[in-house]
Structures are given as structure tokens and as C-alpha cells.
1. Would you kindly calculate the mean projected area, averaged across all directions, of the convex hull enclosing the Cα atoms of segment 110-176, in square nanometres?
2. Percent antiparallel among DSSP beta bridges with both residues in the chain, to the nearest 5?
3. At 0.36 nm per residue, and after removing the present C-alpha to C-alpha distance, how many nm does the segment from residue 1 to residue 120 gain when stretched out fully?
4. Rank these for me by crowding, 130, 100, going from fewest to most other beta carbons within 10 Å.
5. Say we join alpha carbon atoms closer than 10 Å with springs in a Gaussian network model of the chain; which of 124, 176, 185 then has the biggest fluctuation?
6. Mind telling me which of 144, 60, 17 comes out most flexible in a GNM of the chain, alpha-carbon contacts under 10 Å?
7. I'd like the distance separating the alpha-carbon centroids of segment 177-205 and segment 91-127, in whole Å.
8. With only alpha-carbon atoms counted, please give the Rg and Dmax of the chain, in Å.
């Protein structure tokens with residue numbers, strides 16, 4: 001079973017956007033997917049409640065902010081949306097569980113420094129843990145100075161930047177319907193799917 005954790009101790013950086021679309025990617029491949037939401041805001045759970053019956057199934061993983069349990073048998077892929085302020089035993093539990101950890105990061109100096117200690121912990125843990133770790137730049141144009149600064153910062157940690165996702169209303173409009181980029185005709189979201197290509201390759205099938 002593959003377990004992908006989306007984590008950043010700072011709020012409002014796009015964790016739920018990443019988590020729901022990763023789940024959508026796995027569902028599109030025909031996997032038995034569960035989406036867990038350990039965030040008190042329960043954004044991913046709310047999104048699942050909006051998901052139409054015609055869409056590829058993504059099951060709810062009933063967990064709480066205080067309990068991270070093993071997924072039920074039969075699940076092949078799990079995506080976990082984690083809360084802001086992830087630390088302590090929850091952080092250690094997540095690291096033990098995860099096969100892959102994706103950290104969404106916006107290219108502002110405030111977001112970078114707010115996430116620095118967390119990324120240092122991940123980088124240090126990587127050598128003794130099983131999880132692969134990658135960074136995704138959120139709401140950023142890969143051609144900008146801001147993107148260059150983000151690359152420069154992450155390169156100092158020796159962590160890969162998997163891609164950059166632009167600031168677009170496509171995510172907002174689809175989320176409001178319980179959908180992802182992977183649930184609609186590719187021609188509708190062609191530019192965004194191009195940005196996801198390297199991320200999907202890193203995630204694997």
C-alpha cells in the first residue's frame with residue numbers, strides 16, 4: 001500500500017489542493033484510494049462530501065487530529081492531508097507511515113522561513129527513514145524570480161522540487177464540485193496537467 005502525506009506546518013499553503021488532486025490522480029489510475037484529513041478544518045473531508053457519484057470513487061479515511069490509524073484492508077493508495085502545526089508524536093507517526101511526503105511551499109520569504117525548521121527535520125530524517133520527500137511550489141510561475149529563489153532555498157536542503165503549480169481558478173472551480181484536474185476532459189485543463197506531469201511521475205502509478 002502506498003501512503004502519500006501532504007505536510008507543511010504553515011496553514012494556507014495549498015495542502016488540501018495538493019492532497020485532493022493527488023487522490024484524483026490515483027483514482028484515475030483505477031486504484032482503491034482513501035483520502036484522510038487530520039486537519040481540524042477538515043477541508044478534504046468537505047471536498048469528499050461534494051464529490052459527485054459519477055466521479056471515480058475516493059473513500060473517506062476516518063481519522064482525527066489525535067489519532068492516525070492504519071487504513072482498512074483493500075486500500076491500495078492512501079493520501080493524508082495533515083494539519084498546520086504538525087509536530088511531536090504526530091509528526092513522528094506520519095514519518096513512520098509515509099512512503100512519500102510532499103511539502104507544498106509558496107515562494108514568499110515568510111512562507112519559506114516559516115517552513116525552514118520543518119524542512120530541516122525532514123531532510124535530517126530522510127537518511128534514516130523510508131519516505132521520499134519532495135517540494136511543490138504553489139501559486140507560482142516557474143519563470144519568475146520568486147521561483148528561482150524557491151529553487152535556491154530548497155537546493156540548500158538537497159530536496160527535489162517536483163514542480164510548480166500556477167495560480168489559477170481551475171482548482172477553485174473544480175474543488176467546489178468535488179472534482180480534480182483528473183476528473184475532467186484534459187483539454188479543459190491542459191496547461192495544469194502539464195505542470196502535474198513530473199509530480200505524477202514521482203508519485204508513480
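1. 5.6
2. The answer is about 5 percent antiparallel.
3. 40.1 nm
4. Least crowded to most crowded, the residues run 130, 100.
5. For the chain, modelled as a Gaussian network with Cα springs under 10 Å, the answer is 185.
6. In this elastic network of the chain, the residue with the biggest mean-square fluctuation among 144, 60, 17 is 144.
7. Here the two parts' Cα centres lie 24 Å apart.
8. Calculated on Cα positions, Rg and Dmax stand at 15.8, 46 Å.
We did not get these values from a lab; they are worked out from the coordinates using the rules stated. Note that the structure is a prediction, hence the values are computed from the model and not measured. Cβ: placed from backbone, ideal geometry, glycine included. Neighbour counts: every protein chain shown.
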